[in-house]
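Have a look at the structure below before the remarks.
The values are calculated or read from the model by the stated rules, or taken from the named source; none is laboratory data. None of the values given here were measured: they were computed from a predicted structure. Because the Cβ atoms are built from the backbone with ideal geometry, glycine has one as well, and the counts that use them run over all protein chains shown. For accessibility, only protein heavy atoms count, side chains too; no ligands or nucleic acids. Shrake-Rupley method; radii C 1.70, N 1.55, O 1.52, S 1.80 Å.
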Amino acid sequence: MSKALLELKNVHKSFGSKHVLQGFDLDVAPGKSIVIIGGSGTGKSVSIKCALGLLEPDSGEMFFDGKQIGPHHADNREDMRHRTGMLFQAGALFDSLSVWQNVAFRLLHVEKMKASEAKEQAIETLKKVRLGADIAHQYPAELSGGMQKRVSLARTIITKPELIFFDEPTTGLDPITADAINDLILEQTKTLGAASVTITHDMASARKISDEIAMLVDGKIIWRGASADVDHSGNAYVDQFVHGRAEGPIQPIR
């Protein structure tokens, strides 16, 4: 088994009296994909934000490539961010920038690459997500939801990240477009050999892009296994969630 690229151990995070993460554990190795499922408000997004340093956990340990990351390890955190990509739920494209400028944003503003070279790389990366050079000068508002998601994926992979976070990658897409996005995610992560962590409610997506699925309940992982085993997990929480039943240990939000 490959050594974990990202590892979170016994992570806790509270907001006042609300305890969101309560002993959260997670690890993912290079070339592997894990999908975190769970109801709304269970802490899926908080777990990613803690890993990225957007939120600081109250306790616990986090490691990237064997080095501890956290408020007292700024250099290690910066190294992680440099080697990480993120596909945001709503795409997070800049409306005032053209497609190629969105895709090349990090090359232009962090790596200070020449615009001509950055544009060339952006167009080449757009091809990887089945988009032609003809859209490079268009703006996000001119594109369909599926095309916007592809542009966002191109921006995520242009720097060849070793770790990629996907936040609800198929939200708001019709089933056919969502499946096409899943195919691209699977293709590009395997091509890069990247470790990936995805949070989603979409079980079709979870089954397709994952090697493993983990169920988050009450701030901790209560089940983890191969994606092929999720339909016969033997866990009442997992069974209720994946089959979308109102009856069970998970209480619907009222």
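Can you list the strands (runs of 3 or more DSSP E) lying wholly within segment 1-72 that have 3 or more residues being open to solvent by 20 Å² or more (accessible area, probe 1.4 Å) and touching a residue at least 60 places away in the same chain (Cβ under 8 Å)? Give the steps one after another, and end with the answer.
Values: elements: 6-15, 18-28, 33-37, 59-64.
Result: 18-28.
Within segment 104-114, work out how many residues are surrounded by 13 or more Cβ atoms within 10 Å (Cβ to Cβ) and not basic (Lys, Arg).
Residues of segment 104-114 surrounded by 13 or more Cβ atoms within 10 Å (Cβ to Cβ): 104-108, 113.
Pick out the ones that are also not basic (Lys, Arg) and you get 104-105, 107-108, 113.
Of the residues in segment 104-114, 5 are surrounded by 13 or more Cβ atoms within 10 Å (Cβ to Cβ) and not basic (Lys, Arg).
Grab the helices (runs of 4 or more DSSP H) fully contained in segment 142-254, keeping just those with 2 or more residues being of a type in the set (Ser, Thr, Tyr).
On the way: elements: 145-157, 175-192, 203-209, 236-242.
By residue number, 145-157, 175-192.
Only one of 205, 210 is farther than 13 Å from residue 87 by Cβ and crowded, with 23+ Cβ neighbours inside 10 Å; which?
On the way: 205 fails: farther than 13 Å from residue 87 by Cβ.
Result of the check over 205, 210: 210.
Among residues belonging to segment 223-254 that are open to solvent by 60 Å² or more (accessible area, probe 1.4 Å) and closer than 21 Å to residue 8 by Cβ, point out the one that is modelled with the highest pLDDT.
224
Restricting to segment 120-137, count the residues that are open to solvent by less than 60 Å² (accessible area, probe 1.4 Å) and more than 22 Å from residue 191 (Cα to Cα). Outline the logic, then answer.
Narrowing segment 120-137 to residues open to solvent by less than 60 Å² (accessible area, probe 1.4 Å): 122-123, 125-126, 129, 131-133, 135-136.
Pick out the ones that are also more than 22 Å from residue 191 (Cα to Cα) and you get 135-136.
Result for segment 120-137: 2.
Six or more apart or on different chains, Cβ atoms under 7 Å: show the pairs whose first residue is in segment 82-95 and within 14 Å of residue 185 (Cα to Cα) and modelled with pLDDT of 90 or more and whose second is in a strand (DSSP E or B) and of a type in the set (Ser, Thr, Tyr).
none
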